[in-house]
Amino acid sequence: MSEPMSASALLKALRDEGLTVIEVGDWRNHNRNHKGPWGPVHGVMIHHTVTKGSARTVDICRHGYASLPGPLCHGVITKDGKVHLVGYGRANHAGSGDDDVLRAVIAEKPLPGDNEANTDGNRHFYGFECENLGDGHDPWPAAQLEAIERAAAAICRHHGWDEGSVIGHLEWQPGKVDPRGFTMASMRARISARLGKKPSTGGGSGAASTYTVRKGDTLWSIARAYGVSVAALVDVNGIKDPSKLSVGQKLKLTASTVTTYTVKKGDTLWGIAHARLGDGGRWGEIAKLNGLKDANALSVGQKLKLPKK
């Protein structure tokens, strides 16, 4: 059980993690505490906003709507990687979710499928809304993904949690799809690396040899998280349809090598990362690996090295 960190401790933790934090209005006293308790806290929840424009996004998350009053989160992470604190305390972000998921988060174990909404999530989770249209095509800039990683890691570091305490809204409440455009498996791997730990496999110690599939996972996200190739996962696990994974399914892991891609007409780094790595937000890794100074200057027929999936 963890008591919520104070507003000052939250601000310090985020800045100590290297984030640019903007305090919006009287955020320290902006909450929904009159509707129910805030805490104990057990994890961090990530969302996308389905909005465009940083100023508008921050304003909506601060004030909310007539049917859903603000704050709609604690921090808004805009595309430039800045964290805008809009509330502290109970916030209208998580809604009701699955009690089995909450127990798994507390135990930092693989998440079960969320099939019911019987538990108050606004009480138990810190929430970050991230500026994105949520259509699967709106890019996630590298600066924004890094800010999500840093913000979640900052809170985990304070409470002594590992990456298993960070979940997406889609893993908590049935019917939700956010965040869309990157996978929580890949984000948890990033958070784990920042915290100086290996990604959790749901038990055991030492190097990971198996992985238990969670809701929202894809072969691409799992491959990226554990530094293996999709082809190797398919081969070693005898997978006939790479698009079909089952929650709770156990996969054997193996090694991977760097592959290449030949640029075609109409390609963008975002599109290539999305199609070949399963995470469009990794376009910056492709640019860095190939020494590209201008991410928009691609030539048909150009050979690109791709990082590990």
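The values are calculated or read from the model by the stated rules, or taken from the named source; none is laboratory data. Please read all numbers here as calculations on a predicted model, not as lab measurements. Cβ atoms come from the backbone with ideal geometry, glycine included; neighbour counts cover every protein chain shown. The protein model used for the area step is the full one, side chains on, heavy atoms only, and it has no ligands, DNA or RNA in it. Shrake-Rupley method; radii C 1.70, N 1.55, O 1.52, S 1.80 Å.
Go through the stretch 84-99 and count every residue that is touching a Pro at 6+ places or on another chain (Cβ under 7 Å) and either more than 11 Å from Asp120 (Cα to Cα) or open to solvent by less than 30 Å² (accessible area, probe 1.4 Å) (or both).
Filtering the stretch 84-99 down to residues touching a Pro at 6+ places or on another chain (Cβ under 7 Å) leaves 86-87, 91-92.
The next check asks that each one be either more than 11 Å from Asp120 (Cα to Cα) or open to solvent by less than 30 Å² (accessible area, probe 1.4 Å) (or both); those that pass are 86-87, 91.
Residues flagged as touching a Pro at 6+ places or on another chain (Cβ under 7 Å) and either more than 11 Å from Asp120 (Cα to Cα) or open to solvent by less than 30 Å² (accessible area, probe 1.4 Å) (or both) within the stretch 84-99 amount to 3.
Yes or no, residue by residue, for (1) in a helix (DSSP H, G or I); (2) open to solvent by less than 60 Å² (accessible area, probe 1.4 Å); (3) modelled with pLDDT under 95; (4) of a type in the set (Gly, Ala, Ser):
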| residue | (1), (2), (3), (4) |
| --- | --- |
| Val101 | yes, yes, no, no |
| Gly113 | no, yes, yes, yes |
| Phe128 | no, yes, no, no |
| Leu133 | no, no, no, no |
| His137 | no, no, yes, no |
How many residues are out of contact with any Leu (no Cβ under 9 Å at 6 or more places or on another chain) and either over 25 Å from Leu145 (Cα atoms) or not β-branched (Val, Ile, Thr) (or both) if we restrict to the stretch 257-278? 7
Take the residues in the stretch 285-303 that are open to solvent by less than 70 Å² (accessible area, probe 1.4 Å) and within 27 Å of the chain's Cα centre (by Cα); name whichever of them is nearest to Asp267 (Cα to Cα). Ala295
From Ala94, Ala154, residue being of a type outside the set (Val, Ile, Thr), in contact with a helix residue (DSSP H, G or I) (Cβ under 9 Å, 6 or more places away or on another chain) and assigned to a helix (DSSP H, G or I): Ala154
Taking the stretch 15-34 and keeping residues open to solvent by 50 Å² or more (accessible area, probe 1.4 Å) and acidic (Asp, Glu) leaves Asp16, Glu23, Asp26
Given (1) touching a residue at least 60 places away in the same chain (Cβ under 8 Å); (2) surrounded by fewer than 19 Cβ atoms within 10 Å (Cβ to Cβ), where does Asn118 come up short, assuming only one miss? (1)
